[in-house]
Amino acid sequence: STIYILNGPNLNTLGRREPAIYGSATLADVERRCIEVGKAAGFEIVFRQSNHEGELVDWIQQAREEAVAIIINAAAYTHTSLAIHDALRYFDKPIVEVHISNIHAREEIRHKSLIAPIALGMIVGFGPVGYELAIAALKSRLT
Ligand code: DQA
């Protein structure tokens, strides 16, 4: 079974962007770990990043046909995108929301998530390990 791990805008610069907040691991490092941890848990991982809202919507629709769950770090779109919220609503399987930083300890505008109300759960503030924790959470939920 396949899990889609979707990443939103600016996460392609992970490792170089604000390392004090987001750490020094790159997105390629995170992808490698997720594929490894996913494999050990019995999942095939499809790991993607886009800076474009509509592309993320397309992938969420595709996941409906191909994935048993979605792990999503929608980055700034978390706080703004009704389109991603609506696409996720139509995905009638578990959704885990991940944020590398603790969005609740940051600016007020980051406290609100349009994804949280439709997610199974949310993992924030643990750095890139959050993605691995999300895979573990789905393992226990789905098996
Ligand atoms: C983020 C938090 C968002 O507020 C921010 O816009 C990001 C990254 C995180 O993983 O901590 O780009 O989703």
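Taken together, the values in this text are just the output of simple stated rules run on the coordinates, not laboratory data. Quantities reported herein were computed from a predicted structural model and do not represent experimental measurements. Cβ atoms come from the backbone with ideal geometry, glycine included; neighbour counts cover every protein chain shown.
Some observations on this one:
- For Lys139, a cut-off of 24 angstrom between C-alpha atoms picks up these lysines, skipping any fewer than 8 places away in its own chain: Lys39, Lys93.
- Surrounding net charge for Ile35, when Lys and Arg each add one and Asp and Glu each subtract one, Cβ distance under 15 Å: 0
- As a length-normalised measure over Cα pairs under 8 Å and 6 or more apart, the relative contact order of the stretch 2-142 settles at 27 percent.
- Gyration tensor verdict on the stretch 1-75 (Cα atoms; rounded if a/c is under 1.5, prolate if a/b is larger than b/c, oblate otherwise): oblate
- Cα-based shape type of the stretch 2-142, given that a ≥ b ≥ c are square roots of the gyration tensor eigenvalues and the cut on a/c is 1.5: rounded
- The magnitude of the dipole of the stretch 33-75, with charges of +1 and -1 set on the Cβ of Lys/Arg and Asp/Glu and taken from the Cα centre, is near 200 debye.
- Cα-centre dipole for the chain with unit charges at Cβ (Lys and Arg positive, Asp and Glu negative), debye to 20: 300
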